[in-house]
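Scroll down for the structure; my scribbles are underneath it.
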Amino acid sequence: MNSSFSWCLVLLAVLSTACSGGRQDPLGGDCVTDSQCAEGGLCITGMCVSDAASATGRVAGAPEDVRVTTRGDDERCEDRGSKGVVCTLGESDGLTLVAPAVEGYRFTHWSGAAACTGEDAELALKKVSKNVTCTANYVKRVKVIGEIPGEGGTAIVASSEAPFAVCEQGSCEVDLGSEVVLLAPARDGLRLTGFDGPGCEDRDGYRVTVVPAEDDITCRATYVESLTVRGQTTGLGELANKPEAEVKASSPWEGALCDGPLCAIDGGNTVVLTAPTVEGFRFRGWLGDPACVGSEPELKVENVTSNVTCSADYATRYTVDGVSEGADVEITASSENLFSSCDGKACVVDGGETVTLIAGVVDGYRLAEWTGEGCEPQPGAAVVVRDVARDTTCTARFVEGVSVSGTLVNATGTILANSTSPGADCEPGSCAIDVGGTVKLSAPSIDGRTFLGWSGSPGCTGKELTITLSDVQASKACRATYAARFKVAGTANPSAGGGVTASAAGNNPNNKCTTTGSCEVDEGSTVTLKAAAKTGYRFTGWTGGGPCVALGDSVVMAEVRSSVTCSANFVRRIEVSGTVAPSGAGTVAATQLTLNASC
């Protein structure tokens, strides 16, 4: 049995209606094109077939020679070139169309008739009863590559948020028209001048955004020698690498290339570094190269002549507070830390600092003990938390009774407490007594501190080191307050250039100033240092950090909280003159060419 006869038998079984009457072309008639068949007929494998459904598979977006196939190379189908693959089916027949894998392209989906939907490469058509045309849609895949000449793409970071993007090392493969971002590294001693390559023009700092429109794109990052100013952080622990804790670098120079904490510039230009505000930490100042001097978060590095790295230094901040148990008693928190922030019963301080908590008094109760990890009881009603390394809460436990306590404020030492009343129970800093008893408190003399007097509960008054409280009817808490002593000094640099005088404001008899440019004063005092240049020298300014800042020859330090030495800087003056010989032959003119010259 020949193949034509077999095909006819198959068609007879499928198209019984067509074979039983009314055909214009006899089954098995020869044909080359559909036009040679009756209206509605198809020329399949050289024969006209009518009264049947057809399924056509086409391709869009891929090269012209790509064809839809069928599962099992179905004999009912014929490749019609640009018209696609055409398959003739009976009313209840089904068919599976297959979108082939095409190198350099990605199959996206089927489209066309209602039955032509799906994102799988195989499309199953069931019971085709009318002509359908299904299109396999493709999109071209392209590569965007980032390179540094001589190094390839390993140093470039390529990324894309486009669906189906595949990125590795310095390149991304994406669908045509998808966006790719290439990030070149910021390098010390080098400045990125741009990216070379068609489509690589949309640059923002070290980033270039590429949208391929036709073919693969290669962008080459080009650098030139330059200077870099970099900012970093210290003291932030695990937060150091977080974006919100990063130093920001900027420059007023139009040619600067800045990205995050780094700027690449040509010599002689300026870079501004800004330290971030980080919750739970305090900015302490700038550290690093000689140009990294400043106590404000914004640091201006001017006239850059070499690579510079500056570190923004931070201190961790902790809270120490006090609570009472057994009675509702007020707790007072204090700290000698210059940067402490105390409010009522709590202080926020730098890590490693010390906080003192003092318990108040309440009628009918006395302080029995302090509890809490790191809470070190002191004589009297105080507790000290030293070397603060965490948030800390100290609890003052009260019991019924009467007591008199003495506590040192702004000093370290022991107040002696004693009583001659019957039944009195005394220990350093306090006495538990019966109502009506008497207690004597004696504060110590402390080197480097000035005793200011007693304060606290009623009866706790006096300027002498010892006070006596008689006929005590309720618990009392007395405080012996001291002032810290600090030295503020000024020095001349060079010593031959001039001198410094020092003076303290007010009439505090404890403040002592010398004729050699220094004062020893109680904390909180105000000291003024004044520079005076000697003949042949000019005063240029103050250095020494911290409060040693002034526009003129005097620097005023208010609310002194630490010892400090400021340096008054002087520069030698040189006279340059010209004479005419012989006299009367002419004149010499002196012209001012430099700042601070006097002609």
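The values are calculated or read from the model by the stated rules, or taken from the named source; none is laboratory data. If you're wondering where the values come from, they're calculated on a predicted model, not measured in any experiment. Backbone-built Cβ (ideal geometry, glycine too); neighbour counts: all protein chains shown. When the accessible area is computed, the model is the full protein with side chains, heavy atoms only, and any ligands, DNA or RNA have been set aside. Shrake-Rupley method; radii C 1.70, N 1.55, O 1.52, S 1.80 Å.
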* Structure fact -> From the Cα centre of segment 527-599 to that of segment 201-271, the distance in Å is 40
* To do: For Lys130, list the lysines whose Cα falls under 25 Å from its own Cα; do not include residues on the same chain fewer than 8 positions away.
  => Lys83
* Asked: Which percent, to the nearest 5, of DSSP beta bridges fully inside the chain are antiparallel?
  -> 80
* Span per principal axis, largest first, for the Cα atoms of segment 410-457 (Å) -> 38, 19, 13
* Structure fact -> Gyration tensor (Cα only) of segment 377-478 to equivalent ellipsoid, semi-axes in Å sorted down, yields 23, 19, 11
* Which listed residue (Gly374, Cys200, Leu89) has the Cα farthest towards the positive end of the charge dipole for the chain, taking +1 on Lys and Arg C-beta and -1 on Asp and Glu C-beta about the Cα centre? -> Gly374
* What size of dipole, in debye to the nearest 20, comes out for segment 122-235 about its Cα centre when the only charges are +1 on Lys and Arg C-beta atoms and -1 on Asp and Glu C-beta atoms? -> 500
* **Percent accessible area from carbon and sulfur atoms, the chain, protein chains only, probe 1.4 Å** => 47
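About its Cα centre, how strong a charge dipole does the chain have in debye, to the nearest 20, once Lys and Arg get +1 and Asp and Glu get -1 at the Cβ?
Computed charge dipole of the chain: roughly 2380 debye.
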* Distance between segment 283-316 and segment 321-357 - C-alpha centres, whole angstrom -> 32
* Structure fact -> Note to self: with every protein chain in place and a 1.4 Å probe, the chain gives an accessible area per residue in Å² of 53
* Relative contact order computed over the chain (Cα-Cα under 8 Å; 6+ residues apart), in percent -> 6
* Using Cα atoms only, what is the angle between the long axis of helix 3-14 and the major principal axis of the chain, expressed in degrees (0 to 90) to the nearest 10? -> 70
* Filter the GluC sites (Glu not before Pro) in segment 303-387 down to the DSSP loop ones having no more than 11 other Cβ atoms within 10 Å, then list what survives. => Glu373
* **222 nm mean residue ellipticity, helices alone, for the chain (DSSP H n ≥ 4; -39,500 (n - 2.57); rounded to 500)** => -1000 deg cm²/dmol
